[in-house]
Each structure stands twice: as structure tokens, then as C-alpha cells.
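Participant: Take this structure first; my questions come after.
What follows is calculated from the coordinates using simple rules that are stated; it is not laboratory data. Predicted model, so just to flag it, every value in this text is computed and none were measured. As a convention, Cβ positions derive from the backbone with ideal geometry for all residues, glycine included, and neighbour counts pool all protein chains shown.
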Ligand code: ADP
Ligand code: ZN
Ligand code: ZN
């Protein structure tokens, strides 16, 4: 018997698999082995076993060791598919499906057998405390074991991830929930489209329960555990230890144990972010993709997989059901999946008006009087949204926003830009401060006394004077979360909780900050898009979006989709409690369709218009995109490599755009080539080959290549 082994290396130059002797080793497809390879030892995965090989006997070697854990066969197949689909290599794809490092933690456990025997007082005492862990009495217990009085076995000890408990509330489903559940349970893939609070999670829980009852396993994908603790907690509250949690903030031991519990089917539900799509769940019955619009489902490094696409393939491969849920689904999902609707928030049996809170005691009113307004509540339970035109404004807060914030006990303010101001310039000569390694402006972070590049992390001290002309007049343009926090502190006495990458650098910072805001009787949560993700704060009655068009200004076909989702998601956080709520949206593009539809909670209108626009411009889902980026310290080889790739790609029904220069990043000049294709697999294949050829070309030795299929 021989084993075909794929060595786990990141280089593109090796193309395996390679044959090894398997005699006497219990090797199967999915075994993880250590192999001699040239002069080195490498880890590898057995991708196949065979009876014959072309390698001459004297050249054949055997693996030097075999790991106890194996990769399930279907995940080996999935990795092969990923390698092709994302123009990666089998080795890189296999590396993401192998178990996490580590091994089980065990201890000795002793039980009395009940056999009679002569005992000393000490031994009698010892027997009395059994059954239990042997601990430091192991030596003494071994002697009793030899006499048949005690049985000692090795038990593994679970390292349990810490989670926050919630109470499980089981509800009778509403008629739309019943219909959705029936459709999901019948099989296939479905989009569950419903506003925040419409009961989607309850449907996932029921669908999962039905799978467990049939002996099937479940995978639940969530955007980021830290930002969606409630979904995780609700699965744990309902299903207990049957739930395994997979995410990067676990300790190595915890991660290993959770993986192992799934592999042995001790746990049947895997919950985690995108990489949990590779959870070793046997007899898979359901994959849930919560908040399917979230950009974190796309992997940044090679293989640049999209967990949503992988989930769809895995569901197809195993015959599992797939349900993707969102209040703001992506146009492509609406176009390609069967849609189930949950039309309204579940709990809407409340009066159709709400009242602003009186100003909390101690608030500086600063010339404006907090007012009390009555606004009709919508029939679907969603808060009314007002667009505030900022075209004429010099300030970061509209007077109405100011008034509303002053008059509210608990509010959320979203500004999708961190730092103090977005760029600095010299008032005398016009010099703008840019990153020396990237062609982008440096952002001022006042608390750290530095200006920083948000692309490469470069930092320097805040300039006191212009190094070009010596002028002392340095202007600060724009406002980020740090500056708005400072401004708000000047007018507001309620605690301000700032949530952005600068305030949450430690592992537990996000959940801690959210918990503090949750418990505070008054407060304002201010931050980047992190504030618009899955939390549920029933007492928040005001949501504010500052500079709502910041996402619209990106030159990207997803700009509209992102802008709509950000506003609609924030609106979903406000007014969930009995007091209702409202939302204010500050923008310099008050007529932009994405903003207007979001303000009207009109996702159907938005999707219809957006799909028409995409169809006219042949964007996904009406064509597939593949992006190739070449980079090098000098522009010429990077450009030439991109041109060589473009030259080689000849696929029907495919448009080639570029090569076009991208801004310099981390000291590397970059060029981009985009394929817009109606022949997806042919285009992927051709791109993969062209990139491989270019990577092997001597002249492009210094060039880096990255291929992104379905870029987001
Ligand atoms: P979503 O996932 O769409 O945001 P959830 O499933 O979290 O919605 O439901 C919102 C709230 O309504 C939760 O507190 C949930 O416990 C409750 N809920 C869900 N379904 C029902 C129901 N059928 N009857 C009463 N309450 C429900
Ligand atoms: Zn100057
Ligand atoms: Zn930089």
C-alpha cells in the first residue's frame, strides 16, 4: 500500500502529491504525517491511498510519524476544490482544514472495585474519597490497583471556553417563522430576509434542533464572536455542551478540545466565524450563515476564500440545508437563493408613538433645550429615520443631532472613521502629510501624539511645523471618532463608550466595553461600523450615523450596498425596547438612492434598483469578477508582469480591465488586472495558469502575485 501525500508548504513551486510507503502504518485519506522530503522533514496530509506507484522501490520512503487526529475525508475533498476555485495550491488549502495544534489534556481517574482486602488506615481513608481524580495519590493508588482493589483509567479533561450565559427563552413561533422553518427543514438553500428582531435566530435554533433530532450535525457561522456574543450564547443556552465554539481568541488547548469534541461527535453544533466552515462535523444537516452580508466572511490571505461560497459548496457536497440570514442581504444572494421573509419585528404590540427621554440629570444643555417629540412608530416596529443635510454645515454635528443626543439617555453614534482627523496639511505651502511607504494620508491620533498610516501601521510624531517650508500653521481636516468623542464630552455628562480599533486592542476589550454600555443606565456608544453589528440593547432609543456617505465615496461597485447595509443595520439597533426610538442620518448626499432607501427601510426598493444597476454594468451576480494584483518595489516589473498575465488570458465571454496602477502600499508599487467573466471556471483556470507561468518567469522574480476570485 502507498500513500499520496501533499506536503504542507506555502511555496507555489512544489506540486504534489508525492508517494510514500504505507506498509504497517494505518494510513487513510486524511491522515496527517511527518515525511522526509529532500533534506528536510515536512508535515503532510494523505490525500489518497493506492496499490501501485511509479516511484522505484529504492527511492520510496516512509513517513516518520503519524498524528492521532485525522482530517475527515470530505474536508480533504473540500480543500482540493478550494485550491482550484481560488487559484491557490492544494497545500495551502489543506493547511486550513487540518486540526489545530495541541493534544488532549488527560488525568488519571480512580474508582474502587469493591473487592475485599486488608487495608491500613491511610488506605481506607484513600478509598473513601474515591471515585475521583488520582492526583498526588497516584503512587499509592497504583499499589491498590495491583491488588485489584482499585481501577485506574485515563480520562481527558475538557478545557472549556469562557462564555457569557443567557437565559433560554423558547417561544411559540409566529406564522411567518413557522413557514420559514418548514421551508428550511424541507431542504435546499434559503435566504432568510428579516429586519433585526424579526426572529431569525429563533428560526435557526429550531432548524438546528430538528437536525439534532435526526442525528445530524450543524455549523453556525457568525461574523465575529466578540461582536455577536448573543447569538453564540443563545445556541449554548439552548443546546449546552452539544455546542462547540471555534474561534481565534480561544487558548490553544481550548481550540484543540473544541475541535476534537466535534471530530468525535461528542459535540454536534459548531459555532464560529468564517473558518468554522471547516469544522469537522459529521453527517452535516444544516449550515447557518448569520448576517450573510458581513464582509468578514471573506478571507484576506491566500486562499482568499469566501466562507459563504464555501458553505454553499459544502452544503451541496454533503446534502445539507443552507440558510443565510440578514436584514440587509447582498444583492447576489437575493438573486440566487430562494427568499423567505420575516416581515416585522416580533415584539411590536406597543403603542404607535414614542416619547423622547427627558434629559438625564446633570446634562449641559448648552443653549439648546432638549425637546419631547412624538413620532409615529411604523407598523413593522422599525424606528423612523431622518436624513439631515450636511452640505452647508461646518460642524460635525447637525443642530438636530445635538438636540437629540442631549435629550436621550442611551444612544449609539456611528462614524466610520477612527482617529482625530483624516489628514494634515500645511496652511502655507500646502504640503500634506503622507505615509512614506504608502501613497495615503496619515491620520492624526491625538491621544497617542502620533500620525499613523491605517494601511501599513507606520507612525510618526505629530508635526509641530512644516518640514517643507518651516511654517507653524498645520491644518487638521475632517473628524474621526476620537475628535467626536472629545466634542461630545464637552456638551454631555453621560458616560461615552468609544468602540473602535484604537480602544479595543486587548482580547477581551470589545465584550467588556459592550457589557459596560449594556449595564449603564445612561450612556452613548460611539464608534466605527463595529457599533452596528449584532448586539441587542433594548434601551437604546436613538441611533445616529455621522457622514453616512463616507462609504459611498469608495470607488467600488459595492459602495451602495455597503452604505445601505451600514445605515439599515444601525437602524436595527435602535428602538428595540418598549420606548421605541428613532434614527438620524447626517450626510452630504441626501439624495443618494442607497441613503434614501435605507432611511425608508425599503430594502426591496434598494435591492431592485441595485440589481438593475449591476445588470446594466455587468457586475455580480450578472458576471463574476477575478482580481489579480502584482506588486514589486519598482513599478516596471509589476506592470510588466500584470501585462504578461493579461496577454496570456484568452477566455470567451470575458472582459479584461487593466493593468491599472493602484496606490503604493508598504513600499511596493502595485498593478491590478480585473476579469469580468461569464465563463467562471474557464476564467479561474486560465488566470491560475497565467499567474503560475508569470511566477516562474525569471524577469518577474521580485514580483508578488495575488489572485482574488469574487473580491469584496
Ligand atoms: P433576529 O435574529 O432576527 O434579530 P431574534 O430571533 O433574536 O431575531 O428575535 C428577537 C427577539 O424576539 C428575541 O428576544 C427573541 O427571543 C424574541 N422572539 C423570537 N421569536 C419569537 C416569538 N415567536 N415570539 C415571541 N418572541 C420571539
Ligand atoms: Zn509648508
Ligand atoms: Zn503606510
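Participant: Could you please tell me the mean projected area of the C-alpha convex hull for the stretch 1-104, averaged over all directions and given in square nanometres to one decimal?
Facilitator: 6.9 nm²
Participant: When the helix-only estimate is applied to the chain (DSSP H runs of n ≥ 4, each -39,500 (n - 2.57), divided by the residue count), what is the mean residue ellipticity at 222 nm, nearest 500 deg cm²/dmol? Display every interim value, and only then the final one.
Facilitator: Numbers: 18 runs with 200 residues, N = 712.
For the chain, the value works out to -8500 deg cm²/dmol.
Participant: In addition: On a full-extension model of 0.36 nm per residue, what is the gain between residue 460 and residue 391, subtracting their alpha-carbon distance, rounded to one decimal in nm?
Facilitator: 21.5 nm
Participant: Same structure, new question: Among 79-89, 280-290, how do they line up from the highest to the lowest mean number of other beta-carbon atoms within 10 Å? Before the final figure, lay out the partial values.
Facilitator: Working: 79-89: 21.0, 280-290: 23.8.
For the peptides 79-89, 280-290, the packing ranking is 280-290, 79-89.
Participant: Need one number: convex hull volume per residue for the stretch 139-216, Cα atoms only, in Å³.
Facilitator: Normalising the Cα hull of the stretch 139-216 by residue number yields 209 Å³.
Participant: I'd like the Kirkwood hydrodynamic radius of the stretch 577-662, using the inverse of the mean 1/r over distinct C-alpha pairs, in Å.
Facilitator: 17.1 Å
Participant: Which percent, nearest 5, of DSSP beta bridges in the chain are antiparallel?
Facilitator: Details: 69 of 118 bridges.
Of all bridge pairs located within the chain, approximately 60 percent are antiparallel.
Participant: Out of all Cα-Cα pairs in the stretch 125-268, roughly what percent, to the nearest whole number, are more than 20 Å apart?
Facilitator: Beyond 20 Å sits 61 percent of the P(r) for the stretch 125-268.
Participant: So how do 514-522, 501-509, 418-426 stack up, highest first, on mean other-Cβ count within 10 Å?
Facilitator: Highest-to-lowest ranking by the protection proxy: 418-426, 514-522, 501-509.
Participant: Between residue 65 and residue 689, what is the label-point separation in nm under the 7 Å Cα-to-beta-carbon projection?
Facilitator: Reported label-point gap for residue 689 and residue 65 is 4.2 nm.
Participant: Let me know the Rg and Dmax you get for the stretch 132-173 when you use only its Cα atoms, in Å.
Facilitator: Rg and Dmax of the stretch 132-173, Cα atoms, are 20.2, 60 Å.
Participant: Report the gain in length on full extension from residue 448 to residue 14: 0.36 nm times residue separation, minus Cα-Cα distance, nm rounded to one decimal.
Facilitator: Result for the pair: 151.7 nm of gain on full extension.
Participant: Hull surface divided by four, with the convex hull built on the Cα atoms of the stretch 233-343: how many nm²?
Facilitator: Reported value for the Cα convex hull: 8.0 nm².
Participant: What translational diffusion coefficient, to the nearest whole µm²/s, does the stretch 196-256 have by Stokes-Einstein, given a Kirkwood radius computed over alpha-carbon pairs, a temperature of 10 °C and 1.306 mPa s viscosity? Please report the intermediate quantities before stating the final value.
Facilitator: Values: Rh = 12.7 Å.
Value of D from the Cα-based Kirkwood radius: 125 µm²/s.
Participant: Show me the ranking of peptides 689-700, 569-580 by mean Cβ neighbours inside 10 Å, starting with the highest.
Facilitator: Top of the packing list down: 569-580, 689-700.
Participant: Rank these for me by crowding, 60, 673, going from fewest to most other beta carbons within 10 Å. Could you put the intermediate results ahead of the total?
Facilitator: Values: 60 15, 673 24.
Least to most surrounded, the residues fall as 60, 673.
Participant: Treat the count of other C-beta atoms within 10 Å as a stand-in for reagent exposure and order 256, 204 from fewest to most.
Facilitator: Numbers: 256 20, 204 24.
Sorted ascending by nearby Cβ count, the order is 256, 204.
Participant: Give me 619, 316 ranked fewest to most by other Cβ atoms within 10 Å of their Cβ, as a rough exposure proxy.
Facilitator: Lowest count first: 316, 619.
Participant: Tell me the Kirkwood radius of the stretch 643-712: reciprocal of the mean inverse pair distance over distinct alpha-carbon atoms, in Å.
Facilitator: 12.9 Å
Participant: Based on Cα coordinates alone, diagonalise the gyration tensor for the stretch 489-564, multiply each eigenvalue by 5, take square roots, and list the semi-axes in whole Å, largest first.
Facilitator: 25, 15, 13
Participant: Given just the C-alpha atoms of the stretch 488-627, how large is their convex hull per residue in cubic angstrom?
Facilitator: Working: hull volume 20.6 nm³, N = 140.
Output value, Cα hull per residue: 147 Å³.
Participant: What's the Cα-based Rg to Rh of the stretch 2-45, Rh via Kirkwood?
Facilitator: Taking Rg over the Kirkwood Rh, I get 0.95.
Participant: Let me ask something else about it. How big, on average over all directions, is the shadow cast by the Cα convex hull of the stretch 241-296, in nm²?
Facilitator: Taking a quarter of the hull surface, the average projection is 4.0 nm².
Participant: On to the next question. Between residue 212 and residue 643, how many nm apart are label points set 7 Å from Cα along the C-beta direction?
Facilitator: Between residue 212 and residue 643, the label points sit 6.2 nm apart.
Participant: Still on this structure, I have one more. Given all pairs of different Cα atoms, what value in angstroms does the Kirkwood hydrodynamic radius of the chain take?
Facilitator: Hydrodynamic radius (Kirkwood, Cα only) of the chain equals 28.9 Å.
Participant: Treat each spin label as a single point 7 Å out from the Cα along the C-beta direction, and report the residue 608 to residue 108 distance in nm.
Facilitator: With each label placed 7 Å out from Cα toward Cβ, I get 7.4 nm.
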